[in-house]
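The values are calculated or read from the model by the stated rules, or taken from the named source; none is laboratory data. Computed from a predicted model, the values in this text were never measured in an experiment. Glycine also receives a Cβ, built like all others from the backbone with ideal geometry; neighbour counts cover every protein chain displayed. Calculation scope for accessible area: heavy atoms of the full protein, side chains included, ligands and nucleic acids excluded. Shrake-Rupley method; radii C 1.70, N 1.55, O 1.52, S 1.80 Å.
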Amino acid sequence: MKYLLFCLLVSFSTFAQTTNQYNLIPFPARFVGQDGQFTLSASTRVLVSPGTDAAARSVAQIFVSQVKTTNGLALPVVTTSPALAKGANITLSINKKLALGDEGYKLTVTPARVIAEAATPKGLFYATQTMRQLLPVAQSTPVTMPACAITDKPRYGYRGLNLDVSRHFMPVAFVKKYIDLMAMHKQNTFHWHLTDDQGWRIEIKKYPRLTQIGSKRAETLIGQYSQNYPQQFDGKPHGGFYTQDEIRDVVRYAQSRFVTIVPEIEMPGHALAALTAYPELGCEPTKAYQVATKWGVFDDVFCPSDKTFGFLQDVLAEVMTLFPGKYIHIGGDECPKTAWKNSAFCQDLMKKNKLKDEHELQSYFIRRIEKFVNSKGRAIIGWDEILEGGLAPNATVMSWRGTAGGIAAAKQKHPVIMTPGATCYLDHYQGNPATEPLAIGGYLPLDQVYAYEPTPAELSPAEQNYILGVQGNVWTEYMPTSDHVEYMVFPRALALAEIAWIPKGPRNFEDFAQRLKNHLPRLNTVPVNYAKRLFDITATTQPNEQGQIQVRLTKLDSDSQIFYTTNGKEPSERTTEYIGPITLTKTTTIRAMTPTGGNLTQTFTLHKGKNKPYTYATELGNDSDAKTNKLTDGVRGDTPRSRREWANFFGNMDVTLDLGDVTSVTKVSLNFLKVILDKNFPPTSVSIAISRDGKDYKEAIDQPITYELTGPWDILPVVADFKTARARYVRIRAKNAGVCPADHPDAGQKTYFSTDEIVVE
Ligand code: TNX
């Protein structure tokens, strides 16, 4: 009941009759904006109670150093007295009676003074991070904090962000910066992905070869996984690891900012770097394992031998001396069972332990490791694959392959952290893949992150309690530098930080976006290389009564103008200003910009086939184009980086488009994708024919398509010229290439092809 009341009192808007601005992220659970400001000066003191423990004092010290850096004011930290407390000072006080949990706090800012209270140093730290966000972004005078009354506490206890340092090593300084940025936005758990196929990154004293050998790979794949056929490599060694001293330093740093680190040691899969260092841990001890130079999932995994368990226990024992947190992440994801199937030892082990399949063997593996970790007073987290073959008794599940794993685990009364790919993977594209830096794939714009509700509605209230929180995942296959990581992570991580903090209930993305926009200058001072997609201009189309297309341009920052061109030229403040929908009568590329950094380049394909129905005489692609009408939706698949706009054909294509009336048809064109490594082969022949009655067809082209298999991915155009013909029906037939040739990695397997839009002019 108490909790319900708390929720009802919540407000997300910066209401009240004040002209003050509050650009807080995450926004406090209970907030009242007030008139007036507290002014900080050289005589303002930060007051702590006489008995305050070292942790609370350190919170005060971190706060004053942050104020010094940002606002140029050196505030002394002083033990409080009744007289000082009445003065124009900032009081940080521990109040054990405050019933806001161990992360909650109360903050009152009035023109006379500032008072922050919390039951714990951690709560006090969050109060100071809120204060920090209330202060001006730059070293300007006066330094003021807008008046307000805040009672705050998080919705979830686990508010995480991970960082994969195996695919690309990230230096200690960056890891600290990452932790700092997390803490600034009240995220409390840093999941450090320290080992994987492409590099072992943590020094283990007992096994020096892990870093001597396992931390280095010979070279790295160039481009997207299937961009080149065959794959190309850069020839440059890549490596790096953290010494135990460095790890201890990072742990201390994180502790001072109340960030818990969850180290991840991957097992039984994603273990190629370890096997390269110690081949005896694999199922084929004589094999010349190599630290992986490309991405993906590898068949070589840890063999569940006593030697392996001894090794992993030694490793985990050292890991546990370095990381004091409760959780140790043991991976558990993407472990192919091939090596175990082929191993007489594994098959024998399964018989001895009455394990019915290799999934149960994986479960046996994880349970054995869990027992060891539990014996040291710690708990394991594993990716949702650890559900397969039965969950280890005390495991926490990280649900990444959607939410099903999280739901299943919660129903089995296991704690869950939600990190589903569709809403939490910050390695996915955040804008148009054609113009964004290369990413792994997917599409996750900021508003989609913000809309994510981590607690599945299908769980009962009791089961919902098992959802500990939510985490953003940052896999660095396509992020070679820390700058690039920042670009992908920010600002989307801030949306995650906010949804993990604010109470359950409807969310207002526009309000978040407005606060975020005003918060970005603060990130500039760090600085953070965040993506500017927030300023993007969005185009939506709508037909008008004359059947023309109207393009509406919108953006989140309502306080700037939009300028555009339709002739392909660069837009600027001297080109046409957007005042209302742009009417298009032919295929047009609109290029637009705002003075605040927004931009848009989008081609609107207008043609006679747009939105016209079509029928398949052949089988449909598995993404059910019947529902999406990708072939006439007016959107072209303008890059192989994204497959969203492409319709797939697993056999031959035989599609007939109905224009509704007999009309002049002069040209029909369409594109085919070529991504050879993905078995995506353009068709071997295409015929394009038109008809007035749907019976007699006149063929404009019927020709073989030839292309080189080797080389980069590509888009192949096919055009049929009809000069002055008239027709109602357009028929496209294309022949599937059949099977992958003998020298292809998937030799003998069926190929498929993809096309986007049947453009009729
Ligand atoms: C799957 S998420 C993986 C990672 C990759 C990631 C790329 C998970 C548990 N495993 O190894 O880096 O996809 O998005």
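Counting only residues that are small (Gly, Ala, Ser) and away from the ligand (no atom under 14 Å from the Cβ), the stretch 370-418 holds 11 of them. Of the residues making up the stretch 494-505, none is under 30 Å from Gly239 (Cβ atoms), within 16 Å of the ligand (Cβ to nearest atom) and not assigned by TED's automatic domain parsing to the domain that holds Phe31.
Results for (1) free of Cβ contacts under 8 Å to residues at least 40 places away in the same chain; (2) of a type in the set (Val, Ile, Thr), shown as yes or no for each residue.
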{"residue": "Gly296", "(1), (2)": "no, no"}
{"residue": "Val301", "(1), (2)": "yes, yes"}
{"residue": "Phe309", "(1), (2)": "no, no"}
{"residue": "Leu316", "(1), (2)": "no, no"}
{"residue": "Val319", "(1), (2)": "no, yes"}
{"residue": "Tyr327", "(1), (2)": "no, no"}
{"residue": "Ile330", "(1), (2)": "no, yes"}
{"residue": "Lys337", "(1), (2)": "yes, no"}
{"residue": "Trp340", "(1), (2)": "no, no"}
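Selection of the stretch 325-364 for residues being within 25 Å of Ile381 (Cβ to Cβ), more than 16 Å from the ligand (Cβ to nearest atom) and surrounded by fewer than 16 Cβ atoms within 10 Å (Cβ to Cβ) yields Lys326, Asn353, Asp357. Inside the stretch 424-440, residues that are under 24 Å from Ala497 (Cα atoms), in a loop (DSSP other than H, G, I, E, B) and within 15 Å of the ligand (Cβ to nearest atom) make up a count of 5.
For Ala539, indicate whether it is hydrophobic (A, V, I, L, M, F, W, C) and touching a helix residue (DSSP H, G or I) at 6+ places or on another chain (Cβ under 6 Å). Please lay out each step first, then the result.
Details: hydrophobic (A, V, I, L, M, F, W, C): yes; touching a helix residue (DSSP H, G or I) at 6+ places or on another chain (Cβ under 6 Å): no.
No.
Residues in the stretch 655-683 that are under 14 Å from Ala734 (Cα atoms) and surrounded by fewer than 17 Cβ atoms within 10 Å (Cβ to Cβ): Ser669 only. Scanning the stretch 253-311 for residues that are open to solvent by less than 30 Å² (accessible area, probe 1.4 Å), of a type in the set (Ser, Thr, Tyr) and either within 16 Å of the ligand (Cβ to nearest atom) or touching a Gly at 6+ places or on another chain (Cβ under 7 Å) (or both) yields Thr276, Tyr289.
Scanning the stretch 695-750 for residues that are among the small types (Gly, Ala, Ser) and either under 19 Å from Leu673 (Cα atoms) or in a loop (DSSP other than H, G, I, E, B) (or both) yields Gly711, Ala720, Ala734, Ala737, Gly738, Ala742, Ala747, Gly748.
Here Asp180 passes the criteria (1) away from the ligand (no atom under 16 Å from the Cβ); (2) closer than 30 Å to Gln290 by Cβ except the one numbered (2).
Give the stretch 222-237 a look and list any residue that's assigned to a loop (DSSP other than H, G, I, E, B) and of a type in the set (A, V, I, L, M, F, W, C), or say none.
Once the filter is applied, which keeps residues that are assigned to a loop (DSSP other than H, G, I, E, B) and of a type in the set (A, V, I, L, M, F, W, C), the stretch 222-237 yields only Ile222.
Are there strands (runs of 3 or more DSSP E) fully within the stretch 119-221 with at least 3 residues that are open to solvent by 10 Å² or more (accessible area, probe 1.4 Å)? List them.
Where strands (runs of 3 or more DSSP E) fall fully within the stretch 119-221 and carry at least 3 residues being open to solvent by 10 Å² or more (accessible area, probe 1.4 Å), they are 143-152.
Restricting attention to the stretch 59-77, the residues that are in contact with a helix residue (DSSP H, G or I) (Cβ under 8 Å, 6 or more places away or on another chain) and modelled with pLDDT of 95 or more total 11.
The requirement of being crowded, with 19+ Cβ neighbours inside 10 Å, hydroxyl-bearing (Ser, Thr, Tyr) and assigned to a loop (DSSP other than H, G, I, E, B) is fulfilled nowhere in the stretch 90-103; no residue meets it.
Out of all the residues in the stretch 562-585, is one or more at pLDDT below 85, farther than 30 Å from Thr656 by Cβ, open to solvent by less than 80 Å² (accessible area, probe 1.4 Å) and not assigned by TED's automatic domain parsing to the domain that holds Ser669?
Of the residues in the stretch 562-585, the ones at pLDDT below 85 are none.
No: the stretch 562-585 contains no residue that is at pLDDT below 85, farther than 30 Å from Thr656 by Cβ, open to solvent by less than 80 Å² (accessible area, probe 1.4 Å) and not assigned by TED's automatic domain parsing to the domain that holds Ser669.
Taken across the stretch 441-455, residues that are within 16 Å of the ligand (Cβ to nearest atom), touching a Phe, Trp or Tyr at 6+ places or on another chain (Cβ under 8 Å) and in a loop (DSSP other than H, G, I, E, B) do occur, with at least one present.
Can you name every residue in the stretch 342-352 that is free of Cβ contacts under 8 Å to residues at least 24 places away in the same chain and out of contact with any helix residue (DSSP H, G or I) (no Cβ under 7 Å at 6 or more places or on another chain)? Write out each step before concluding.
The initial filter retains those residues of the stretch 342-352 that are free of Cβ contacts under 8 Å to residues at least 24 places away in the same chain, namely 344, 347-348, 350-352.
Scanning the stretch 342-352 gives Ala344, Gln347, Asp348, Lys351, Lys352.
Considering the stretch 255-287 alone, what residues qualify as being within 24 Å of Leu677 (Cβ to Cβ) and either part of a loop (DSSP other than H, G, I, E, B) or under 23 Å from the mean Cα position of the chain (by Cα) (or both)? Residues satisfying the conditions are Gly269, His270. Do we have Leu163 as within 18 Å of the chain's Cα centre (by Cα) and farther than 30 Å from Lys337 by Cα here? No: the conditions fail for Leu163. For the stretch 456-477, taking the residues that are touching a helix residue (DSSP H, G or I) at 6+ places or on another chain (Cβ under 8 Å) and within 16 Å of the ligand (Cβ to nearest atom), the one that is nearest to Ile407 (Cα to Cα) is identified as Val470. Do we have Asp447 as at pLDDT below 95 and not hydrophobic (A, V, I, L, M, F, W, C) here? Considered against the rule, which asks whether it is at pLDDT below 95 and not hydrophobic (A, V, I, L, M, F, W, C), Asp447 comes out as yes.
Among Thr293, Thr276, Thr308, which is the only one that is assigned by TED's automatic domain parsing to the domain that holds Gly199, in contact with a helix residue (DSSP H, G or I) (Cβ under 6 Å, 6 or more places away or on another chain), modelled with pLDDT of 95 or more and not acidic (Asp, Glu)? Steps first, answer last, please.
Details: Thr293 fails: in contact with a helix residue (DSSP H, G or I) (Cβ under 6 Å, 6 or more places away or on another chain); Thr276 fails: in contact with a helix residue (DSSP H, G or I) (Cβ under 6 Å, 6 or more places away or on another chain).
Of the residues listed, the single one that is assigned by TED's automatic domain parsing to the domain that holds Gly199, in contact with a helix residue (DSSP H, G or I) (Cβ under 6 Å, 6 or more places away or on another chain), modelled with pLDDT of 95 or more and not acidic (Asp, Glu) is Thr308.
The test for being more than 16 Å from Val760 (Cα to Cα) and either more than 45 Å from the chain's Cα centre (by Cα) or open to solvent by 40 Å² or more (accessible area, probe 1.4 Å) (or both) holds for Tyr707.
When each of Glu477, Glu486, Glu453 is tested for being of a type in the set (D, E, K, R) and surrounded by fewer than 20 Cβ atoms within 10 Å (Cβ to Cβ), the lone residue that passes is Glu453. Applying the condition of being within 27 Å of Glu510 (Cα to Cα) and open to solvent by 90 Å² or more (accessible area, probe 1.4 Å) to the stretch 544-560 and asking which residue is modelled with the highest pLDDT yields Arg552.
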